[in-house]
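*Asks:* Okay, here's the structure, questions in a sec.
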Amino acid sequence: MTTSEHVATGEASWQGGASPFGISWQKLMMWFFLVTDALLFASFLAAYGFVRLASPEWPIRSHVFSLPFIGLMTFVLITSSATMATAVGAAQRNDLKLARTFVLLTAIGGLFFLGCQAKEWTGLILEGARLTSNPWGVPAFASFFFMITGFHGTHVAIGVTVLLILAARLRKGTSNAAGVELVDLYWHFVDLVWVFIFTCFYLI
């Protein structure tokens, strides 16, 4: 194909009826959503970092959290990204039964994470942590913790719901590889955001 033919093809792609980026509109909209959501999480974490640096003291993480327990939560959530990627590969090979199995495994990983988060929240609340106060000093610590981890947990809960719906659709044969890939994008995003939250709250 000559240069002029490449230019003509590119111009035609921008005249409607075709995606100029060569992807479906569903995937393009998903990327728009993920970018805006990433900016929102980045704003929350930046605000957390600013307040933490401006505070003369901050709770010692080992005095507040059970790090082995948090490590287990994180391991399971990151592992669920691997099971989701395997589901995508199976769907692309048109093995919808295997794809459904790994989608369900991913959902189980998400449910395990949510159960662990509920246990963690319950323990902190029983120790006296509230949105406006906590027994470890700086009131903003609990505010940021509940807000950011709660917002992320909501994303995980939505993801698990979508995974279960996807599994049902795969069983009926009403979904395909493109649908699995969309959910895969969202789930990897949720896992990636947790890596930053884990680093900011539990490691640094």
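The values are calculated or read from the model by the stated rules, or taken from the named source; none is laboratory data. None of these values were measured; they are calculated from a predicted model. Glycine also receives a Cβ, built like all others from the backbone with ideal geometry; neighbour counts cover every protein chain displayed.
*Asks:* Counting only residues that are among the aliphatic types (A, V, I, L, M) and under 13 Å from residue 187 (Cβ atoms), how many does the stretch 77-103 have?
*Replies:* First, the residues of the stretch 77-103 that are among the aliphatic types (A, V, I, L, M): 77-78, 82, 84-85, 87-88, 90-91, 96, 98-99, 103.
Narrowing the set further to residues that are under 13 Å from residue 187 (Cβ atoms) leaves 77-78, 82, 84-85, 87-88, 103.
Total meeting the criteria: 8.
*Asks:* Restricting attention to the stretch 55-109, report how many residues are farther than 26 Å from residue 120 by Cβ, of a type outside the set (Val, Ile, Thr) and part of a helix (DSSP H, G or I).
*Replies:* Summing the residues that are farther than 26 Å from residue 120 by Cβ, of a type outside the set (Val, Ile, Thr) and part of a helix (DSSP H, G or I) in the stretch 55-109 gives 12.
*Asks:* Related question: Just a yes or no: is a residue in the stretch 150-169 of a type in the set (A, V, I, L, M, F, W, C), touching a helix residue (DSSP H, G or I) at 6+ places or on another chain (Cβ under 8 Å) and modelled with pLDDT under 95?
*Replies:* Filtering the stretch 150-169 down to residues of a type in the set (A, V, I, L, M, F, W, C) leaves 151, 156-158, 160, 162-168.
Subsequent filtering for residues that are touching a helix residue (DSSP H, G or I) at 6+ places or on another chain (Cβ under 8 Å) retains 151, 156-157, 160, 162-164, 166-167.
Pick out the ones that are also modelled with pLDDT under 95 and you get none.
Checked the stretch 150-169: no residue is of a type in the set (A, V, I, L, M, F, W, C), touching a helix residue (DSSP H, G or I) at 6+ places or on another chain (Cβ under 8 Å) and modelled with pLDDT under 95.
*Asks:* Among the residues that make up the stretch 18-41, is at least one of them over 25 Å from residue 197 (Cβ atoms), of a type in the set (D, E, K, R), loosely packed, with under 12 Cβ neighbours inside 10 Å and at pLDDT below 95?
*Replies:* So far as the stretch 18-41 goes, no, none of its residues is over 25 Å from residue 197 (Cβ atoms), of a type in the set (D, E, K, R), loosely packed, with under 12 Cβ neighbours inside 10 Å and at pLDDT below 95.
*Asks:* Here's another thing I want to ask about it. Which of the numbered conditions does residue 98 fail, given that it passes all the others? Conditions: (1) out of contact with any Leu (no Cβ under 8 Å at 6 or more places or on another chain); (2) at pLDDT 95 or above; (3) under 22 Å from residue 51 (Cα atoms).
*Replies:* The failed condition is (3).
*Asks:* Same structure again: Which condition number does residue 175 fail, the rest of (1) outside any helix (DSSP H, G or I); (2) among the small types (Gly, Ala, Ser); (3) surrounded by fewer than 20 Cβ atoms within 10 Å (Cβ to Cβ) being met?
*Replies:* So residue 175 meets the others, but not (3).
*Asks:* Which residue pairs have Cβ atoms closer than 8 Å, lie 6 or more positions apart in sequence or on different chains, and pair a first residue in the stretch 64-93 that is closer than 16 Å to residue 167 by Cβ with a second residue that is charged (D, E, K, R) and outside any helix (DSSP H, G or I)?
*Replies:* none
*Asks:* Also: Is there a residue in the stretch 127-139 that is outside any loop (DSSP other than H, G, I, E, B), touching a residue at least 24 places away in the same chain (Cβ under 8 Å) and either surrounded by 15 or more Cβ atoms within 10 Å (Cβ to Cβ) or of a type in the set (S, T, N, Q) (or both)?
*Replies:* Looking only at the stretch 127-139, we keep the residues that are outside any loop (DSSP other than H, G, I, E, B), and these are 139.
This time we only want the ones that are touching a residue at least 24 places away in the same chain (Cβ under 8 Å), so: none.
No: zero hits.
*Asks:* Scan the stretch 180-204 residue by residue and report those that are more than 17 Å from the chain's Cα centre (by Cα) and either buried (at least 18 other Cβ atoms within 10 Å of the Cβ) or part of a helix (DSSP H, G or I) (or both). Steps first, please.
*Replies:* Applying the first criterion (more than 17 Å from the chain's Cα centre (by Cα)) to the stretch 180-204 yields 202-204.
Of everything in the stretch 180-204, those that are more than 17 Å from the chain's Cα centre (by Cα) and either buried (at least 18 other Cβ atoms within 10 Å of the Cβ) or part of a helix (DSSP H, G or I) (or both) turn out to be 202, 203.
*Asks:* Sticking with this structure for a sec: What number of residues within the stretch 94-118 are farther than 25 Å from residue 175 by Cα and touching a residue at least 40 places away in the same chain (Cβ under 8 Å)? Spell out how you get there, then give the answer.
*Replies:* First pass over the stretch 94-118, keeping only residues farther than 25 Å from residue 175 by Cα: 112-118.
When the remaining residues are screened for being touching a residue at least 40 places away in the same chain (Cβ under 8 Å), the result is 113-114, 116-117.
Counting residues in the stretch 94-118 that are farther than 25 Å from residue 175 by Cα and touching a residue at least 40 places away in the same chain (Cβ under 8 Å) gives 4.
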